[in-house]
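To start, the structure under review is shown below, and the notes come after it.
The values are calculated or read from the model by the stated rules, or taken from the named source; none is laboratory data. What you are looking at is a predicted structure, and each value in this text was computed from that prediction instead of being measured. Methodologically, a virtual Cβ is constructed for each residue, glycine included, from the backbone with ideal geometry; neighbour enumeration extends over all protein chains shown.
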Amino acid sequence: MAHVRIENLVKHFDEVLAVNGISLDVRDREFTVFLGPSGSGKTTTLRAIAGLEKPDSGDIYIDDVRVNDLPPADRDIAFVFQFYALYPHLSVYDNLAFPLRAVHMSKADLDERVREVARVLHIEPTLNRKPAKLSGGEQQRVALGRAMVRRPKVFLMDEPLTNLDAKMRAEMRAKLKRDQSDLGATTIYVTHDQVEAMSMGDRIAVMDQGRLLQVGPPEQVYDHPQNLFVAGFIGSPAMNLINCQLGAEGDRPALVVPGSPLSLSIASDLAARLEPARERLVLGIRPEDVHLSRESRPGWIRAEVYVTEPLGAETIVDLHVGGGDAASILRARTLPTFRAAIGEPIWMEFDRERMHCFDRASGQAIS
Amino acid sequence: MNGRLKRTLALTAVGVVLVIYLLPIYWIVATSFKEYGDILARPPRFLFVPTLRNYAALFLLPGQGLQATPFAARLLNSVIIASFSTVLAIALGTMTAYAFSRFRTRGQSDWLFFILSTRMLPPVVVVIPVFLMYRALGLFDTHVGLIMLYTAFNVSFAVWLLKGFMDEIPKEYEEAALVDGYSRLQAFVRVVLPQAVAGIAATSVFCLISAWNEFAFALVLTQRTAQTAPPYIPSVVGSGATEWGRIAAGTVAFLLPVAIFTFIMRKHLLRGATFGALKR
Amino acid sequence: MTVTLARRRRALSDYQVKMLFLMPTLLLLVGMNVFPLIWSLHLSFHDYAADMPGRPPRAVGVANYTALLHDPNLWRNFQVTAEFVVLAVAAQFLIGFGVALLLNREFKGKGLITTLILLPMMLSPAVVGLFWKLILDPNWGLLDFLIRPVTHASVPWLTNDRTALPALVMIDTWMWSPFMMLISLAGLNAVPRHLYEAAEVDRASGWFKFRHITLPLIAPLLLLALIFRTMDAFKLFDMVWVATEGGPGDVTKTVSVGLYVQAFREWRTGEACALAYVLLVVIIALSSLYIRWLSRIRGEA
C-alpha cells in the first residue's frame with residue numbers, strides 16, 4: 001500500500017481549465033473521496049494520477065516516486081471505470097485474469113488468485129459467462145474484482161456506483177467500505193454524491209471548478225465547513241444560508257435581516273470577529289439545528305408554515321419568514337409526528353452553538 | 001377504406017418497382033442459360049429449356065477438358081488482385097483509422113480531407129501519369145502494379161469507414177488494458193481489434209467489391225498477363241457474331257460474388273454507400 | 001507479490017505507435033496520388049506523345065491550356081456531361097425519393113426487398129453497361145419487345161444520336177435510384193414520430209406535415225446524396241465506354257471519355273494532362289463541398 005501526493009496539478013482541455021492548481025496528500029491505507037459537482041475537475045485529477053491524462057504542470061508522487069513520466073501500466077495502480085469497461089469479448093474469468101496475464105503470472109497462481117477474488121466478491125457462479133449476461137451489480141463487482149486481483153498500491157475509482165439502482169448502491173457502499181478496510185488498500189474514490197462521500201470516506205476532498213476547497217474527515221467537513229460552497233454542498237437537506245448584516249437587538253449585537261423579523265442576538269466577541277464584514281454576512285444553519293415551537297417563546301422568531309414533507313423517519317418543514325424583498329424560506333428538520341397546516345404560525349429558534357457565519361464576498365467561513 | 005386503398009396501391013407500386021429493378025438482372029441470368037436460338041428469338045422467350053453450354057464454353061476449352069481459358073485466367077486475376085489489395089487496404093486502414101480515432105493529431109481534419117479526396121478523383125485523371133510511371137518502372141501489366149494501385153484507391157475509403165467504427169468503441173476499454181499493464185500496441189490487438197471485427201468485415205466487403213468491379217485502371221494498365229475480368233468481358237463483344245450467351249454467362253459469373261457479398265453485408269450497406277454518414 | 005514500479009522498457013510509446021500506424025498509409029497515398037499528379041502537371045506544359053517514348057517532351061508553356069479553351073470538341077463534351085448529370089441526377093432523385101415515400105411503411109419482407117433493390121448499385125458499371133446493351137438491342141432486346149406495342153417500331157437506343165444519351169441516363173438511373181431511395185428512407189425513418197403526432201393533434205394537413213416537418217429534417221441528407229451523385233455522374237467513364245464508346249459520333253462523349261480517347265487513342269499526352277488538371281480542379285471543388293458536408297453530418301469538426 002502506498003501514499004499518493006499531488007502538487008499543483010494543472011490541466012487544460014483546449015480552452016477549458018479543468019484542474020487549477022490542486023495539491024493533496026492521500027495517506028497510506030486511507031479511503032479518500034474526491035467530491036464535487038460535474039466539471040469540478042475531480043475525474044480529471046483521478047485520471048492524471050492514473051496516467052490516463054497528462055497534466056500541463058504539477059507533480060504526482062506515489063510512495064515518494066515521481067510518476068509523471070510513467071505510463072499507467074508502470075504505476076501499479078488499478079482503475080475502476082464508471083461504466084466498468086469490462087472486455088465484452090472475454091468471459092468473467094478472463095476479464096479477471098487479464099491483468100495477471102500481462103505480467104505473465106504462472107497458470108496455477110493466476111487461477112488461484114482469480115478464484116479467490118471471485119469468492120470474496122460472490123461472483124463465482126458467473127465465471128464462465130460474458131459480461132453482457134450479468135446484472136448491473138454483478139458487472140460492478142467484476143470491475144472491482146479486476147482491480148483487486150492485481151493487489152495494486154492504489155485503487156482509483158471513478159463513480160463506480162452511479163449506474164446502480166438505489167438499493168444496490170446502498171448495499172455496495174457498505175460492501176466496498178468493508179472490503180477496502182479489510183484489504184487495507186489506499187483508495188481514491190470520485191463521486192458527486194455527498195451521501196456516498198460522507199458514508200465511505202476517511203477523508204473528503206471537496207472540489208469545485210478545478211479547485212480544492214476543503215479536505216478533512218466527514219465530521220469536520222460537515223460541522224466546520226470552511227466556505228460557502230462546502231457548506232451548501234454537504235448535507236441533505238442543504239444548510240440554510242441567509243444573507244444578513246451585523247446590527248443590534250436593543251443594546252446587544254445581533255445578526256439582522258433588514259425588513260424581516262429575523263434577528264439573532266450574538267455574543268460580543270463573535271460580533272467583534274464579524275465586524276470587518278458587517279454588511280456582507282451569510283448566516284448558515286442546518287435544518288436539524290432549527291428548533292420549532294407551536295407557542296411563542298421569548299426570543300423566538302415568528303414564521304409561517306410554507307409546506308411540510310413528512311418522510312416517515314422525520315418531517316421536513318419549510319418555513320416562511322418576513323415579507324417582500326426580505327422574505328426567506330428556511331428548512332427545519334423535526335420529529336416525524338409533527339403536523340401542521342399550510343399558513344399556520346410557528347416559532348423557531350436557532351442553536352447558537354451550531355451557527356456558521358460566512359463572508360459573502362470571499363465565501364470564507366468566519367470563525 | 002381510404003387507408004386500405006392506399007396500402008394496396010403502395011404495395012402494388014412496390015411490386016412494380018421490384019419488377020423494374022430486377023427484370024434486367026433476371027434477363028441476363030436467363031440469357032446465360034439459353035441456347036443461341038433462344039437468345040435471338042423474336043419475341044423474346046421467357047420460357048425455355050436451360051443449358052449449361054455457355055458456362056462450359058467460358059471455363060473449358062473445346063476438347064481439352066478443364067484448361068485455363070482466357071476468361072478463367074482473367075477471373076483468377078480478378079480474384080488475386082481484389083483479395084490482395086483488400087487485405088492490404090484493410091490492414092493499413094485499420095491502423096490509420098485507430099490512430100486518427102485515438103490520437104489527437106494536428107491538422108487531423110485536413111489529413112482526413114486529403115485522404116478522402118484521393119478517392120474522389122476520376123480514375124481517368126489519375127491514370128495518365130500512373131500509366132507513364134508504371135511503364136517507366138516496369139509495373140505495366142503486372143499483378144503487383146494493379147494491387148498497389150487498388151490498395152491506394154481503397155485505403156482512403158477504408159480509413160473513413162473504419163474511423164467511424166473505431167469511434168464507436170469506447171476508449172475506456174483500452175484505458176483499462178493500459179492500467180492493467182498492457183502496452184498501447186497490445187491493448188490495440190487484444191481489446192480493440194476483437195470489438196472492431198464487425199466493422200472490419202463490412203469494410204472489407206466494400207473494398208473487395210470496389211476492387212472487383214474496377215474498370216478504368218484495369219483497362220489502361222493491364223493487357224494480357226494481369227488483365228482482370230471487367231475490361232475483358234466487353235472486349236469479347238466485338239469479335240464476329242456476338243456470342244451473347246457466353247457474354248451473359250461471363251457477366252453472371254462475374255456478378256455472382258458481388259450479389260452474394262451484398263446479401264451477406266446487407267446490414268451495413270447504407271453505411272458503406274454513404275462513406276459512413278449514415279448508420280441505420 | 002505486487003509488481004515493481006519500473007518495468008520493461010520495450011513497449012512502444014504512444015507517439016511511436018501513432019507514427020507506425022499513420023506513416024505507411026500516408027506514404028502510399030502520397031506516392032500513388034500526389035507524385036503522379038505533380039508529374040502530370042509538369043507534362044501538361046509540354047508537347048508529348050506517350051506512344052512515342054523516343055521523342056522527349058518539348059516545353060510549350062501554357063499552349064495546351066489555351067488550346068483547351070478554344071477547343072470546340074471539349075466544350076461539346078462538357079455540354080454532354082452537364083446534360084447527362086442534370087438529367088440523371090434529377091431522375092434518380094425523383095424516382096428514388098418517390099419510391100422511398102412508398103416504401104416508408106412496414107410490410108412483410110421489407111428487409112429482403114430493400115436488399116434486392118440495392119443490388120443494381122453494387123454491380124460493376126462496365127458490366128452493367130454491357131448487359132444493357134443486350135436489353136436495348138433493337139432486334140432482340142427485352143425493352144424493344146416491351147414497348148413495341150406503343151412505338152410500333154424498333155428504337156436503336158444506343159446507336160441513334162437522339163436516343164443514345166437518354167438511354168445512358170436510363171441505365172444510370174436504373175443503377176443509382178436505389179441509392180437515392182436508400183438515403184431517403186434512412187432520412188424519413190430518422191424523423192421522430194412524435195413530431196408528426198404533435199402536428200396531428202394540432203390538426204395539420206398531410207401537405208403541411210410534409211413541408212414543415214419531413215422536408216426540413218431530411219434536407220441535409222438529401223443534399224449529401226445529391227452532391228455525391230453529381231460528383232459520381234460527372235466522373236462517369238466505365239458505363240459509357242462499354243455501352244457506346246462515346247458514340248454515335250460524339251453524342252455521348254462525356255469529358256472522361258473524351259479525355260481517355262485523347263490520352264490513349266490519339267496519344268496527345270501533354271494536352272490530356274492539361275485537361276486532366278482542369279477536371280481535377282472541378283472535382284476537388286465539388287468533393288470539398290461534399291466532404292465538409294459529410295463531416296458536418298457525421299458530427300465531426
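Determine whether C:A59 is among the hydrophobic types (A, V, I, L, M, F, W, C) and either over 19 Å from the mean Cα position of the chain (by Cα) or within 13 Å of chain B (Cβ to nearest Cβ) (or both). It is true that C:A59 is among the hydrophobic types (A, V, I, L, M, F, W, C) and either over 19 Å from the mean Cα position of the chain (by Cα) or within 13 Å of chain B (Cβ to nearest Cβ) (or both).
Which of the strands (runs of 3 or more DSSP E) contained wholly in segment A:327-367 include at least 1 residues that are modelled with pLDDT under 90 and loosely packed, with under 12 Cβ neighbours inside 10 Å? Write out each step before concluding.
Working: elements: A:328-334, A:345-350, A:356-359.
Strands (runs of 3 or more DSSP E) meeting the threshold: none at all.
Restricting attention to segment B:82-104 and to residues that are more than 24 Å from the chain's Cα centre (by Cα) and at the interface with another protein chain (Cβ under 7 Å from one of its Cβ atoms), the residue that is modelled with the lowest pLDDT turns out to be B:F103. Scanning segment A:82-99 for residues that are modelled with pLDDT under 90 and in contact with a helix residue (DSSP H, G or I) (Cβ under 6 Å, 6 or more places away or on another chain) yields A:Y84, A:A85, A:L86, A:Y87, A:P88, A:H89.
Remark: pairs (first residue in segment A:180-207, at positive phi and assigned by TED's automatic domain parsing to the domain that holds A:A147; second residue surrounded by fewer than 23 Cβ atoms within 10 Å (Cβ to Cβ) and outside any strand (DSSP E or B); Cβ separation under 8 Å; 6+ apart in sequence or on different chains) = A:G184/A:M1; A:G184/A:R29. Could you tell me whether segment C:49-60 includes any residue that is assigned to a helix (DSSP H, G or I) and either in contact (Cβ under 8 Å) with a residue 60 or more places away in the chain or of a type in the set (V, I, T) (or both)? Checking segment C:49-60: not a single residue is assigned to a helix (DSSP H, G or I) and either in contact (Cβ under 8 Å) with a residue 60 or more places away in the chain or of a type in the set (V, I, T) (or both).
Looking at B:I209, B:I128, B:I200, which is the one that is within 18 Å of A:P88 (Cβ to Cβ), assigned to a helix (DSSP H, G or I) and either away from chain A (no Cβ under 14 Å) or under 20 Å from the mean Cα position of the chain (by Cα) (or both)?
On the way: B:I209 fails: within 18 Å of A:P88 (Cβ to Cβ); B:I128 fails: within 18 Å of A:P88 (Cβ to Cβ).
That would be B:I200, the only listed residue that is within 18 Å of A:P88 (Cβ to Cβ), assigned to a helix (DSSP H, G or I) and either away from chain A (no Cβ under 14 Å) or under 20 Å from the mean Cα position of the chain (by Cα) (or both).
Kindly indicate which of C:A263, C:A285 is loosely packed, with under 15 Cβ neighbours inside 10 Å, within 11 Å of chain B (Cβ to nearest Cβ), aliphatic (A, V, I, L, M) and part of a helix (DSSP H, G or I). Exactly one of C:A263, C:A285 is loosely packed, with under 15 Cβ neighbours inside 10 Å, within 11 Å of chain B (Cβ to nearest Cβ), aliphatic (A, V, I, L, M) and part of a helix (DSSP H, G or I), namely C:A285. For segment C:65-109, the set of residues classified as assigned to a loop (DSSP other than H, G, I, E, B) and on the phi < 0 side of the Ramachandran plot consists of C:H70, C:D71, C:N104, C:R105, C:E106, C:F107, C:K108, listed by residue number. The condition of being surrounded by 24 or more Cβ atoms within 10 Å (Cβ to Cβ), in a helix (DSSP H, G or I) and among the small types (G, A, S) holds for only one of B:A136, B:A91, B:A177, that being B:A177. Among residues of segment A:41-56 being within 13 Å of another protein chain (Cβ to nearest Cβ) and under 16 Å from the mean Cα position of the chain (by Cα), the one that is surrounded by the fewest Cβ atoms within 10 Å (Cβ to Cβ) is A:L46. Cβ-Cβ distances below 7 Å connect the following pairs, each with a first residue in segment B:129-148 that is closer than 14 Å to B:T86 by Cα, a second residue that is among the β-branched types (V, I, T), and a separation of six or more residues or different chains: B:H143/B:I80; B:H143/B:I81; B:L146/B:I81; B:L146/B:T222; B:I147/B:I81.
Just checking, which of B:F206, B:F217 is surrounded by 20 or more Cβ atoms within 10 Å (Cβ to Cβ) and touching a Gly at 6+ places or on another chain (Cβ under 8 Å)? Explain how you work it out, then say what you get.
Numbers: B:F217 fails: touching a Gly at 6+ places or on another chain (Cβ under 8 Å).
The conditions single out B:F206.
Being surrounded by 21 or more Cβ atoms within 10 Å (Cβ to Cβ), among the aliphatic types (A, V, I, L, M) and out of contact with any strand residue (DSSP E or B) (no Cβ under 8 Å at 6 or more places or on another chain) narrows it down to one of C:A126, C:A153, so name that one. Spell out the reasoning first.
Working: C:A153 fails: surrounded by 21 or more Cβ atoms within 10 Å (Cβ to Cβ).
Answer to the check: C:A126.
Taking the criterion of being at the interface with chain B (Cβ under 8 Å from one of its Cβ atoms) and in contact with a Phe, Trp or Tyr (Cβ under 8 Å, 6 or more places away or on another chain), the residues of segment C:222-240 that qualify are C:L224, C:A225, C:F228, C:M231, C:F237, C:D238.
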